[in-house]
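Written out below as structure tokens is the structure these notes cover.
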Amino acid sequence: MMLMSFDELLPLIFIGLMGVSLLVYVVSDGYDLGVGMLMHRATPDERDTMVASIGPFWDANETWLVLGVGLLLVAFPKAHGLVLSELYLPTALMLVGLILRGAAFDFRVKAKADRKAMWDRMFIAGSMLASVCQGWMLGRYISGFGEGWNYPIFAGAIAIALPMAYALLGATWLVMKTHGELQEKAIEWSKIAWAPMVLGLILISMATPWISETVRLRWFTLPAMIAVASIPITTSVALLTVRLLLGAPAVRGALCWLPFALLVLVFFLSFLGLSYSIYPYVVIDRLTVWQAASSPESLRVILIGVCITLPVIIAYTGFSYRVFRGKTIELDYA
């Protein structure tokens, strides 16, 4: 087996960096989108606490989206053009949702009492819109932007399932970050969101091989089928453990962090499964990593910038999570 040269490895380095950036975004912004979608179930005072629980983090979380899309643009310009031309409308709607969230996040604090509820509704609507659009975009991307009656149905299913996954992630975040009555509500919200999230994951896992022959061959060909079976098995164990923990008294105390951590593991395993399914493609069945990549000379220059930027993002994100660890206290904008 011939070893790859550094120039041949560069596209793999960048696709890995892009994938990890988008995974971190999905997990980190996923829980605060989930918190936003759950706000309609809370009292006004509880909404303040919910916003306070994500307040120190949500800006840093979205930095990972900028990094991931930026890497797609500069490292894989052919794929960037193809992906965004296919997903122009949902991308625009997602940005509208994120802008609504950003505006509502700040204005709800300064608004008069009779206008605060309006900004809360904007925050909820923005969270829902961004989540649904991300689900649709993921569904279209996995299917390789195929044409036919079954592809929109598949994308629509993920557009429904992903917000449920975000809601469960957000609810378990609140279990970890709050206490008292709001924590009890968050446990109940987690129980409600668990079943549709698991059902959606099962149905999508069954539908993906049907929608893509490439994925079907990857997952259902021996001996690879035996090797990759660990991914769905571990995912199932993690999800069942989450449900058992939600019914245990310990989740209100020392183990309050564990359901959230297990769901992060589920997202990571889903990312591994997706990566295995589509490799070596950037756009499945249409563009490989090497076909879509910029020239080696360009990638070397870009890598220098990434080596400077990425540690700063990691340090800032880690610092914010370290400083604001523990239970949520009142968020003060004064």
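Calculate the radius of gyration of the Cα atoms of the range 104-163 to one decimal place, then report Dmax, the largest Cα-Cα distance, as a whole number, both in Å.
Cα radius of gyration and Dmax of the range 104-163 are 16.4, 50 Å respectively.
Roughly how many percent of the accessible protein surface of the range 229-324 is carbon and sulfur, given a 1.4 Å probe and a whole-percent answer? Present the calculation step by step, with values, prior to reporting the outcome.
Numbers: 3870 of 5060 Å².
Accessible surface attributable to carbon and sulfur in the range 229-324 totals 76 percent.
For the chain, build the convex hull from the C-alpha positions and give me its volume per residue in Å³.
144
Could you pull the Cα extents of the range 266-334 along its three principal axes, largest to smallest, in whole Å?
Principal-axis extents of the range 266-334 (Cα, largest first): 51, 32, 19 Å.
At 1.4 Å probe size, what's the solvent-accessible area of His179? Round to the nearest 10 Å².
Looks like 120 Å² after rounding.
Can you find, among Gly273, Ala293, Ile15, the residue sitting farthest towards the positive end of the charge dipole of the chain, where Lys and Arg contribute +1 and Asp and Glu -1 at Cβ?
Gly273
Which value, in debye to the nearest 20, describes the size of the charge dipole of the chain about its Cα centre when Lys and Arg Cβ atoms bear +1, Asp and Glu Cβ atoms bear -1, and nothing else is charged?
Dipole of the chain, to the nearest 20 debye: 420 debye.
Could you work out how far helix 77-86 tilts from the main Cα principal axis of the chain, as a 0 to 90 degree angle to the nearest 10?
So the inclination is approximately 60 degrees.
Taking all pairs of different Cα atoms in the range 178-244, averaging 1/r and flipping that mean, what Kirkwood radius in angstroms comes out?
With all distinct Cα pairs of the range 178-244 included, I get 14.1 Å.
Given a 1.4 Å probe, how much area per residue of the chain is accessible, in Å²? Can you show the working numbers first?
On the way: 16380 Å² over 334 residues.
Counting only protein heavy atoms, the per-residue value for the chain is 49 Å².
Roll a 1.4 angstrom probe over the protein heavy atoms and tell me the percent of accessible area of the range 78-134 that is carbon or sulfur.
After summing per-atom areas, the C and S share lands at 71 percent.
Karplus couplings for the range 49-55 from phi (6.51 cos²θ - 1.76 cosθ + 1.60, θ = phi - 60°), rounded to Hz, Gly and Pro as x?
The phi angles translate into 5, 5, 5, 4, 5, 10, x Hz.
What whole-number volume per residue, in cubic angstrom, does the convex hull of the C-alpha atoms of the range 222-304 give? Intermediate values should be presented prior to the final figure.
Values: hull volume 11.8 nm³, N = 83.
About 142 Å³ per residue, rounded to a whole number.
Could you sort Ile13, Ile54, Ile308 by their accessible area in this structure, using a 1.4 Å probe and putting the largest first?
Greatest to least solvent exposure: Ile308, Ile13, Ile54.
Among Val51, Pro249, Ile204, pick out the residue whose Cα is farthest towards the positive end of the charge dipole of the chain, where Lys and Arg carry +1 and Asp and Glu carry -1 on C-beta, about the Cα centre.
Going by the Cα projections, it comes out as Pro249.
Evaluated at 25 °C with a viscosity of 0.890 mPa s, what Stokes-Einstein diffusion coefficient in µm²/s does the range 152-270 have when Rh comes from the Kirkwood expression over alpha-carbon pairs?
Value of D from the Cα-based Kirkwood radius: 161 µm²/s.
Hey, could you pull the Cα Rg and Dmax for the range 1-60, both in Å?
Values for the range 1-60 (Cα only, Rg and Dmax): 19.2, 63 Å.
Rounded to the nearest 20 debye, what is the charge dipole size of the range 52-205 about its Cα centre when +1 sits on each Lys and Arg Cβ and -1 on each Asp and Glu Cβ?
In debye, rounded to 20, the range 52-205 gives about 280.
Taking the Cα atoms of the range 1-125, report the difference between the largest and smallest coordinate on each principal axis, in whole Å and largest first.
67, 27, 22
Taking all protein chains together and a probe of 1.4 Å, list Arg322, Arg140 from the most accessible to the least accessible.
The ranking, largest first, comes out as Arg322, Arg140.
Hey, can you grab everything whose amide H is under 5 Å from the amide H of Leu287? Only 5+ residues off in sequence or another chain; H modelled, so Pro and N-termini drop out.
Val282
What range in the chain is the longest one free of chymotrypsin sites (Phe, Trp or Tyr not before Pro) that are in a loop by DSSP and have at most 13 other Cβ atoms within 10 angstrom?
Value returned for the longest uninterrupted segment is 1-148.
Could you compute how much accessible surface Cys307 exposes when probed at 1.4 Å, giving the result in Å² to the nearest 10?
Looks like 90 Å² after rounding.
The values are calculated or read from the model by the stated rules, or taken from the named source; none is laboratory data. Worth saying up front: this structure is predicted, and the values here are computed from it rather than measured. For neighbour counting, all protein chains shown are included, and Cβ atoms are generated from backbone atoms with ideal geometry for every residue, glycine included. Protein only, heavy atoms only, side chains kept; ligands, DNA and RNA dropped before computing areas. Shrake-Rupley method; radii C 1.70, N 1.55, O 1.52, S 1.80 Å.
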